[in-house]
Amino acid sequence: MRRAALALLLAPLIALAAAAQPQSGFELMAPETQAMQRDDTANPGMLWVQEGEALWQQSGCAGCHGDAAASMRGAAARYPVYDEARAGPIDLAGRINQCRVERQGAPALALEGEPLLALGSFVAHQSRGLPVAPPADPRLAPARAQGEALFRERRGQLNLSCAQCHDDNAGRRLAGSPIPQGHPNGYPLYRLEWQGMGSLQRRLRNCMAGVRSEPFAYGAPEYIAIETFLMSRAAGLLLETPAVRP
Amino acid sequence: MARTLINLPRNPKRGEVIEIRTLIQHGMETGYRPGPNGVTQQRDIIRSFTCLFNNEEVFRAELHQAIAANPFLEFSMLVTESGILAFTWSGDNGFEQTETRALTVA
């Protein structure tokens, strides 16, 4: 009797704890799409990882960083991090371009261009399976707060905030597709709708255009602020790069 | 050169039926879509795929516009001996690529 009462009392607590766990968009996908992501010989994102590995050798990254499996392991799980030079957060793509421009004297790679997506996928792939671990650096707090404000701000002709879909209605459906919690743990990823690889910023632009708002330009600090917030919101989720999404 | 992923079992036995999976990086532009300038983009697809084993054809496929970018093909083959597999994709604009892999029976 006492045990039954205790179980009744605990049940809602357990449900609450479960709801607080972030859930990867992977969990909401069709079994076929999950199988495609899981199998490295069927996951088209692996073509970009392979391309990135070749670029890593050819464009001199290996000269300083050596074997990426050791030197880059865990990097993608931490980014964005605080960058002294920018006096603000820097994302992984920004860091790769910083290495090119400042350490190699080479031109920056175009954002969303194939070479940068390939290098970004290869670097992030080294952290696959590691939990998202945003740094506790207090200098990131302003960006995180700005990102959260952007996440909660209503935008576009549909006047919807990210939170209205990804917090309030996650797990429900928008037309035919399930609404995920909106986590950044698989990027760059292969989206079937794109028939190609894309960055988190491309995904965010899709969501912004979806509510009929004008997306920020690629590389805008707003995206990096949103990413900084999204990474703290996704803490503990495992990295999936290269993920596959519908 | 387009990137490819080819997956074969490592040491199949004689008489075994094996699964072979291939993936190639290709845009498979249908020829129906308008480009950013509003003009319809030219078709640019892979039109044929063949797999030879010791120079003998074991699998062939024709590809068409409705096939997604970066086409993935999976087929099976009866293993009779060790040898060389040659995979060839060819298509519009002179696209042609061949990859070879050794198959060694256990």
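Every number here is computed from the coordinates shown, using simple stated rules; none is lab data. Fair warning: this is a prediction, and the values are worked out from it, not measured in the lab. Here the Cβ is made from the backbone with ideal geometry for all residues, glycine too, and neighbour counts use every protein chain on show.
Give me a comma-separated list of calculated 3J(HN,Hα) values for the range A:186-194, in order, Karplus coefficients 6.51, -1.76, 1.60 applied at θ = phi - 60°, integers in Hz, x for any Gly or Pro.
x, 8, x, 9, 9, 9, 4, 5, 7
Where in chain A lies the longest segment free of GluC sites (Glu not before Pro) that are both loop residues by DSSP (not H, G, I, E, B) and have at most 14 other Cβ atoms within 10 Å?
It works out to A:1-83.
Under 5 Å between amide H atoms, partner at least 5 residues away or on a different chain: which partners does B:L63 have, H built in plane at 1.01 Å?
For B:L63, whose amide H was placed from the backbone, the distant partners under 5 Å are B:S48, B:F49.
Calculated from DSSP H runs of 4 or more alone, at -39500 (n - 2.57) each and per residue, what is the 222 nm mean residue ellipticity of chain A, nearest 500?
Helix-only estimate at 222 nm: -13500 deg cm²/dmol.
What angle do you read, to the nearest 10 degrees and between 0 and 90, between the alpha-carbon axis of helix A:2-20 and the longest principal axis of chain A?
In chain A, helix A:2-20 runs at an angle near 30 degrees to the longest axis.
Test of understanding: express the Cα radius of gyration of chain A as a ratio to 2.2 N^0.38 Å, with N the residue count.
Here the Cα radius of gyration is 1.07 times the empirical estimate.
Residue separation times 0.36 nm, minus the C-alpha to C-alpha distance between A:R86 and A:E153: what's the value?
21.6 nm
Roughly how many whole Å is it from the C-alpha centroid of the range B:1-78 to that of the range A:100-124?
Measuring centre to centre over Cα atoms gives 29 Å.
Using a Debye calculation, one point per C-alpha and no hydration shell, please list log10 I(q)/I(0) for chain B at q = 0.21 Å⁻¹ in order.
The computed values of log10 I(q)/I(0) come out as -1.07.
A:L160's amide H: which non-local residues (gap 5+, or another chain) put their own amide H closer than 5 Å, with H modeled 1.01 Å from N in plane and none for Pro or chain starts?
Here A:R155 satisfy the definition.
Could you compute the FRET efficiency for A:A217 and B:S76, with r as their C-beta to C-beta distance and R0 at 45 Å, rounded to 0.05?
The value I calculate is 0.40.
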